[in-house]
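J.: Sharing a structure, written as structure tokens. Questions coming.
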Amino acid sequence: TYRTRTFSVPWWLWMVFTGVSLAATIGVKFVGLFVILLVGYTTAMDLWRLLGDLSLSMLMFAKHIAARVVSLIAIPALVYILIFLVHFKVLSHTGNGDGFFSSGFQSQLIGNRLYNVSMPQYIAFGSVITLKQRRTG
């Protein structure tokens, strides 16, 4: 098992793979939060087991904590942020689902008929307004 071969290349690969998978689960559905809680719980239990191992030095225990922080917190956060970075770079143009979003958001989409149209922040008395249902545009 990988418990006996800690800090080996396969051990690191599985830790990083778990971190990337955590980022993917939270990115797909909010239910992924429960997956993160489960992995966090099992990681805490594993660290608790390592803390009770008297043959393990505190330096090695600190390395275990650092490895888990990097692979299970930092890498998932970085992947999650990078996914959104790509998402906003790619989806800055208009598409067929624009009608579901507010006019203010649509005015930021390149190619939309509302692109760079100035939107008044306040409505003056006597202004003509259009009301839209939230779900259907």
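The numbers here are math on the coordinates, done by the rules we state, and not lab data. Predicted model, so just to flag it, every value in this text is computed and none were measured. With ideal geometry, Cβ positions are generated from the backbone for all residues, glycine too; neighbour counts draw on all protein chains shown.
J.: Given R₀ = 22 Å, FRET efficiency for Ser127-Phe101 by Cβ-Cβ distance, to 0.05?
T.: 0.55
J.: If you take the beta carbon distance between Ala62 and Ser8 as r and set R0 to 25 Å, what does 1/(1 + (r/R0)^6) give as a FRET efficiency, to the nearest 0.05?
T.: After rounding, the FRET efficiency stands at 0.85.
J.: Only Lys, Arg, Asp and Glu count, each charged at its Cβ (+1, +1, -1, -1), so figure out the dipole size of the chain about its Cα centre, rounded to 20 debye.
T.: 160 debye
J.: Estimate the FRET efficiency between Ile81 and Gln108 by the formula 1/(1 + (r/R0)^6), using the beta-carbon distance for r and 22 Å for R0, to the nearest 0.05.
T.: Efficiency, from the Cβ-Cβ distance: 0.65.
J.: Taking the Cα centre of segment 1-77 as origin, work out the dipole magnitude from +1 charges on Lys and Arg Cβ and -1 charges on Asp and Glu Cβ, in debye rounded to 20.
T.: In debye, rounded to 20, segment 1-77 gives about 60.
J.: I would also like to ask the following. Assuming a ≥ b ≥ c are the square roots of the Cα gyration tensor eigenvalues, decide whether segment 93-137 counts as rounded (a/c under 1.5), prolate (otherwise, with a/b larger than b/c) or oblate.
T.: Judged from the Cα gyration tensor, segment 93-137 comes out oblate (a/c at least 1.5, b/c at or above a/b).
J.: State the answer as a single residue: which of Thr43, Asn112, Ile65 lies farthest towards the positive end of the charge dipole of the chain, with beta carbon charges of +1 for Lys and Arg and -1 for Asp and Glu, about the Cα centre.
T.: Value computed over the given set: Asn112.
J.: Right, here's the next one. Got a sec? Charge dipole of the chain, +1 on Cβ for Lys and Arg, -1 for Asp and Glu; which of Thr130, Thr18, Val79 is way out at the positive end?
T.: Selected residue: Thr130.
J.: Then there is this: Mind jotting down the distance between the C-alpha centroids of segment 1-55 and segment 68-137, whole Å?
T.: After rounding, the separation between the Cα centres reads 34 Å.
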